[in-house]
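**Q** So that we are looking at the same thing, I have put the structure below in structure tokens.
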Amino acid sequence: MRASFDSVAAVDADPQIRARRALWLSLALVAVWVTLGATVNTAQWGDHFEQFVWAHSFEWGYHKHPPLPTWLLASAIWLFGPSPYWAYALAAFCTAGTALFTYGIAWRLIGAPLTGLAMLLWGLQQAFSARAQLFNHNTVMMLAVSGTVWCVLQAVDGRQRAWWIASGVGAGLAMLSKYQSVVPLAGIVVALLLSGELKTRAARVGLMLAAGVAALVFAPHVAWMLHNDFTTLRYAAQDGLPMSWSDRGLNVAGFLLQQVRLLFPALLFALLLWLWPGLRARQGESVADEQLQRRRAWCVGLILLPLTVTLLTCPAFGLKLQNHWGYQCLQFISLWLAWRLRAVLQRGAQAIAVMALLVHALSMTVAAKPSWTSERAPGRRVDGQYPARRLAAAVQADWHSLTACSLDIVVGPSFEAGMVSVYAPHPPKVLEGNDFKKSPWVQPDELRRHGAVYVATEPADLPKQGVLFDSMPVNAAGAQRVYWTIVPPIACGTTMAVARYGGAGF
């Protein structure tokens, strides 16, 4: 009996087994977080509706961003049919893929004993927990960047040309996700230089091969930009009034504070581990100088350089820092935190896992709390709490009160028009902002023949022709509303039953 207990204890103490358990726990928690978001939300993130709006056509680019995330959603719809839940499924897929690559990166850079702790810390970053339900360009970019880092480490350690080619494909896909990926990709090169891993001719040739493959993957999108007046670059450059120096300083400070907020669950977990004396080891892991240099080099390339470059874009170029830019800047910070907490690791594996679960439970309680209340300021948009299904059903009912034809086109902002489309029985195309350049899959003559529903948050933004129907309140106090006007198709007869629905024709 004593021998059996000893064998179980030995298995529990095996760092490889503990690391794998931490990985599986992280993957399970991703599924729980995504399911929670899909369950408590009555609508979805605005970025989801934007992707659904664009997914009506496979393009080499869209007016704001490169195409890869939209391709993924469009492929899911094409293969399996339309569903509002595809965005959640793809968010789970990308986050889980990022977890697997991060696990492999941690294994190679900080070793098996620290990998499990790194994965527990990774799962507590809000980008991979409370925001795990979010599918957008950052989500896909983080997957592609982590995959590229893993392939580069495979190429350096294994010295096989195939891994350099795979690295180039990953880098190209990262650029097709979001232009911001150029920063962490440059960080990979910096890490290779600082670690001395580019000293060999084979590594330098492999890096050039990867760069060439990445350029080939990205080239069709460059051609698309040339034919579309560089609209994506203008969006990324934030065309508008320049920021004053005081505004730039406040923006940098606010950005850093927001990153602390987004990392708070992971930082809280790390602090609890550090303060709990019973989890401290008497002696930390001893590391050879060469291995220590490599870990430091990759921490600089994957964490310090992306964060520094991002912060400098505000004072240097006047770009307003967006809070979600920190997702990618700090996506590998769990590796550094685990390394700093290496003296905590040797004892209490079960206690450490339970502590992580408790922090997750606290975060889930906060996330599940209803966030749309009458106290919200007028005009404040809380994406997930809109009555999206009721809005779509109301618009469909009003449309069919005027015509027997199907609703094929919705015109309006991507969020409001996207809700009407995504939650319809047969999702219509969306003409975003009534701008045919933004939605080349809708033609002017098609709009005239098929008619459309025009959606807006202000009645003045609706066309004068057609039938204006009652608006729908989207918060408890009715302070914010959505309005719509119906222009029936010319090919079908109409029944102007306006009084029945309280509308007013113009």
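**Q** Among the listed residues Ser129, Ser146, Ser167, identify the single one that is of a type in the set (Ser, Thr, Tyr) and farther than 18 Å from Val217 by Cβ.
**A** Checking each option against the conditions leaves just Ser129.
**Q** Which condition from (1) surrounded by fewer than 16 Cβ atoms within 10 Å (Cβ to Cβ); (2) within 30 Å of Leu68 (Cα to Cα) is the one that Thr231 breaks?
**A** (1)
**Q** Looking at the stretch 140-153, can you tell me whether even one residue there is of a type outside the set (Gly, Ala, Ser), assigned by TED's automatic domain parsing to the domain that holds Pro66 and not in a helix (DSSP H, G or I)? Quick ask: steps written out before the conclusion?
**A** Step one: of the stretch 140-153, the residues of a type outside the set (Gly, Ala, Ser) are 140-143, 145, 148-153.
Applying the additional criterion that residues be assigned by TED's automatic domain parsing to the domain that holds Pro66 yields 140-143, 145, 148-153.
Still in the running and not in a helix (DSSP H, G or I): none.
Scanning the stretch 140-153, I find no residue that is of a type outside the set (Gly, Ala, Ser), assigned by TED's automatic domain parsing to the domain that holds Pro66 and not in a helix (DSSP H, G or I), so the answer is no.
**Q** The conditions are (1) assigned to a loop (DSSP other than H, G, I, E, B); (2) modelled with pLDDT of 90 or more; (3) in contact with a Gly (Cβ under 9 Å, 6 or more places away or on another chain), and Trp441 fails exactly one of them. Which is it?
**A** Result: Trp441 fails condition (3) only.
**Q** On to the next question. Is there a residue being closer than 29 Å to Gly61 by Cβ, touching a residue at least 40 places away in the same chain (Cβ under 8 Å), among the β-branched types (Val, Ile, Thr) and assigned by TED's automatic domain parsing to the domain that holds Ser414 anywhere in the stretch 478-488?
**A** Taking the stretch 478-488 and keeping what is closer than 29 Å to Gly61 by Cβ, we get none.
No: the stretch 478-488 contains no residue that is closer than 29 Å to Gly61 by Cβ, touching a residue at least 40 places away in the same chain (Cβ under 8 Å), among the β-branched types (Val, Ile, Thr) and assigned by TED's automatic domain parsing to the domain that holds Ser414.
**Q** What is the residue count in the stretch 214-245 for residues that are modelled with pLDDT under 95, part of a helix (DSSP H, G or I) and small (Gly, Ala, Ser)?
**A** Adding up the residues that qualify gives 1.
**Q** I've got another one for you. Could you please let me know if Phe269 is among the aromatic types (Phe, Trp, Tyr), closer than 30 Å to Leu121 by Cβ and surrounded by 17 or more Cβ atoms within 10 Å (Cβ to Cβ)? If you could, list the steps in order and put the result at the bottom.
**A** Numbers: among the aromatic types (Phe, Trp, Tyr): yes; closer than 30 Å to Leu121 by Cβ: yes; surrounded by 17 or more Cβ atoms within 10 Å (Cβ to Cβ): yes.
Here the answer is yes, as Phe269 does meet what is asked.
**Q** Here is a follow-up. Look through Leu357, Leu407 and report the one residue that is of a type in the set (A, V, I, L, M), over 24 Å from Val474 (Cβ atoms), outside any strand (DSSP E or B) and at pLDDT 90 or above. Break it down stepwise before answering.
**A** Values: Leu407 fails: over 24 Å from Val474 (Cβ atoms).
Answer to the check: Leu357.
**Q** Right, here's the next one. Among all residue pairs at least 6 apart or on different chains, which show Cβ distances below 8 Å where the first residue, located in the stretch 416-431, is over 15 Å from Trp45 (Cα atoms) and the second is of a type in the set (Asp, Glu)?
**A** Every condition considered, the pairs that remain are Pro428/Asp408; Lys429/Asp408.
**Q** Would you mention how many residues in the stretch 99-145 are under 17 Å from Gln180 (Cα atoms) and either of a type in the set (Phe, Trp, Tyr) or under 11 Å from the mean Cα position of the chain (by Cα) (or both)? Break it down into steps so the answer makes sense when it comes.
**A** Taking the stretch 99-145 as the starting set, the residues that turn out to be under 17 Å from Gln180 (Cα atoms) are 127, 135-145.
After this cut, where a residue has to be either of a type in the set (Phe, Trp, Tyr) or under 11 Å from the mean Cα position of the chain (by Cα) (or both) as well, the list is 127, 135-143.
Matching residues across the stretch 99-145 total 10.
**Q** Please work out which residue is surrounded by the fewest Cβ atoms within 10 Å (Cβ to Cβ), limiting yourself to the stretch 37-80 and to residues that are out of contact with any helix residue (DSSP H, G or I) (no Cβ under 7 Å at 6 or more places or on another chain) and polar (S, T, N, Q).
**A** Filtering first and then ranking leaves Thr39.
The values are calculated or read from the model by the stated rules, or taken from the named source; none is laboratory data. If you're wondering where the values come from, they're calculated on a predicted model, not measured in any experiment. Cβ atoms come from the backbone with ideal geometry, glycine included; neighbour counts cover every protein chain shown.
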